[in-house]
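Here the structure is laid out as structure tokens; the discussion comes afterwards.
The values are calculated or read from the model by the stated rules, or taken from the named source; none is laboratory data. Predicted model only: the values in this text are computed from it and were never measured. Please note: Cβ atoms are built from the backbone with ideal geometry, for glycine as well, and neighbour counts cover all protein chains shown. Areas reflect the complete protein model, heavy atoms only, side chains present, ligands, DNA and RNA absent. Shrake-Rupley method; radii C 1.70, N 1.55, O 1.52, S 1.80 Å.
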There are 2 protein chains.
Amino acid sequence: MSVPKILCVGALTMDTIYRLDKLPDGPGKFIPLDAVEVAEGMAAAQAASIVRLGGASVFWANRGDDATGQRLVDQIAAEGVDCSHVRLRKECQSAISTIFMDRAGERTIVPYYDPRLMAAPESLPDLDFAELGAVMVDVRWPEAAELALKEAQRVGIPGILDADVAQIDVLERLMPLASHVVASEPAARQFTDADTTVDAVMALADWHAGFVAVTSGEDGCRWFNRKTNSLRHTHAVKVDAVDTLAAGDVFHAGFAAALVEGQSEEAAIRFASAAAALKCSRFGGRLGCPTRAELVEQGFPPAPAN
Amino acid sequence: MSVPKILCVGALTMDTIYRLDKLPDGPGKFIPLDAVEVAEGMAAAQAASIVRLGGASVFWANRGDDATGQRLVDQIAAEGVDCSHVRLRKECQSAISTIFMDRAGERTIVPYYDPRLMAAPESLPDLDFAELGAVMVDVRWPEAAELALKEAQRVGIPGILDADVAQIDVLERLMPLASHVVASEPAARQFTDADTTVDAVMALADWHAGFVAVTSGEDGCRWFNRKTNSLRHTHAVKVDAVDTLAAGDVFHAGFAAALVEGQSEEAAIRFASAAAALKCSRFGGRLGCPTRAELVEQGFPPAPAN
């Protein structure tokens, strides 16, 4: 393996995604156009997408003690992710989620988490962190994210936080531990109480000494360039979006993979934007993540050779 | 085995049932109180419930060529149902369905059927129909239902039709082949174009020479007694309903099981009503079906001895 692995920490859920003409709006029977079941959740989608995009990943998450738990791990492992550290929680149900999606991309999401599934971990997984390329965490398993980011800091590898909407104290706890914060626009605005996205990026860059970026879907990604001390805006690649589910995860995966390859922050964001745009053009959540070959076709560099 | 098996023909779907404070009414994220995944569909729920209620059953249905298909069969077989005749459909997805249920029992249902899953069967399953106690069919696999009801007629065993809402031509095709028609109120009213349930039962009894009954949930079951040439109304057992999903299937299962034991039609409907009422008091679709022991506690006769 030429590139070191990225440890992804956080959510693992079995999503059933139904595509419908219109979203259900109350009682009744609604016939979908299409349906697909896919193992995802932020960290899981990121781990799987990193591999598609030419990187390598190892996954730390929780599965239940049920048939769904086995399928979750099987599906993510089949993508080439090292799932040997996924924690099996006895007498817990695996996380599941139903997602309805209409033709305009509007979504109804009903996620179910067994309350005992995400209990704090006893210790870090048995991994040599100094040999990892980076750690990337989401906000769904805060105690594990905290441990992993601290260890990344200690051994001197990037610690990337996918700062999505969460309780403020979770973001307050995790952000200072991360070298790179890539936040969704709603989370950044909520956290900074800013009126505009630009204000939110500036407030984050003020609050946090490392790399900060805020993603705004089709409005692109705003980030703070420490070298030039200036706000940058990388525009999104235009695409006919049919499914934006997991687009953020593909973005994070592209960013982390490129960073670990040694690409610049700017190049990493361009790579991430192109990967996320391609994903949006395809139905099926993270299954729409493109391969590295597709990005090479668009002019991006090939993955580092073995 | 003291009682002969009942062949159940029709639906097999993996239902994910979410219990929510209120039903989703558009885009957004909705957090459920509880969630459970259960193999059901009308015929599957009937086959499983027949066993719980003291009978024996064999199941003829379609599963897809996927992990869900295996779990569907595993779950129904674990209830003691003979699943050796379930047809595996190559390159098809198994049927799945998401059900949202609020505290008042209102439901949003989104079922997905692979269009190729329910193709007509080539032939009857390799079973000696003369040794069966009865055939019970739903409306979801009409070609198979037709074959099975015709064979039941030929060998002289009861052929029971669960007449739920379906295309009129399906009901027109299957009803004359059944010795017993147990219809839901919406299906009976739709089929007969009657203004009241009483009119619907009378119209069905006119149209069909065998046994006819119409179930109306908490309003009980109306049926036509051929011996006395009169309409009968068996009241539902009062219960604090928390989940009426699969209550109709438990009713059909109880009716068929009691009939095959040699109970009278009236006794069979009382038994079915009591079983369905207990089911309604428990969350989890067909998983709420009571055992025979629970019905014996309520004063019903034990299952025939070995």
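Just a few scattered comments:
- The GNM of chain B, with springs linking C-alpha atoms under 10 angstrom apart, assigns the highest mean-square fluctuation among B:Ile96, B:Ile109, B:Ile76 to B:Ile109.
- Label sites at B:Phe283 and B:Arg103, each approximated as a point 7 angstrom past Cα along Cα to Cβ, lie 1.2 nm apart.
- Accessible surface ranking that places the most exposed of B:Arg19, B:Arg71 first, with a 1.4 angstrom probe: B:Arg19, B:Arg71
- Theoretical FRET efficiency, 1/(1+(r/R0)^6), r = Cβ-Cβ of A:Ala293 and A:Glu266, R0 25 Å, to 0.05: 0.65
- Above-threshold pairs, the threshold being 30 Å between Cα atoms, out of A:Lys238/B:Lys22; A:Lys22/A:Lys238; A:Lys29/B:Lys279; B:Lys5/B:Lys227; B:Lys22/B:Lys90: A:Lys238/B:Lys22; B:Lys22/B:Lys90
- Since only B:Leu12, B:Val36, B:Cys83 are under comparison, the one whose Cα sits farthest along the positive direction of the charge dipole of segment B:1-99, derived from C-beta charges on Lys, Arg, Asp and Glu, is B:Cys83.
- Candidates A:Pro115, A:Pro186, A:Pro158: whichever shows maximal mean-square fluctuation once chain A is modelled as a Gaussian network with Cα springs under 10 Å: A:Pro115
- Sequence-separation-based contact order of chain B, relative, with Cα cut under 8 Å and 6+ spacing, percent: 17
- Other protein chain C-beta atoms within 10 Å of residue C-beta, averaged over A:199-205: 0.
- A:Val237, B:Val137, reordered so the largest accessible area comes first (probe 1.4 Å): A:Val237, B:Val137
- Its Cα centre serving as origin, segment A:152-306 has a Cβ charge dipole (Lys and Arg +1, Asp and Glu -1) of approximately 460 debye.
- Karplus 3J(HN,Hα) series, Hz, for segment B:60-75 with 6.51 cos²θ - 1.76 cosθ + 1.60 (x for Gly, Pro): 10, 7, 10, 10, x, 8, 9, 4, 4, x, 5, 5, 4, 5, 4, 5
- Nearest-0.05 FRET efficiency for B:Glu91 and A:Glu172, computed from C-beta distance (R0 51 Å): 0.50
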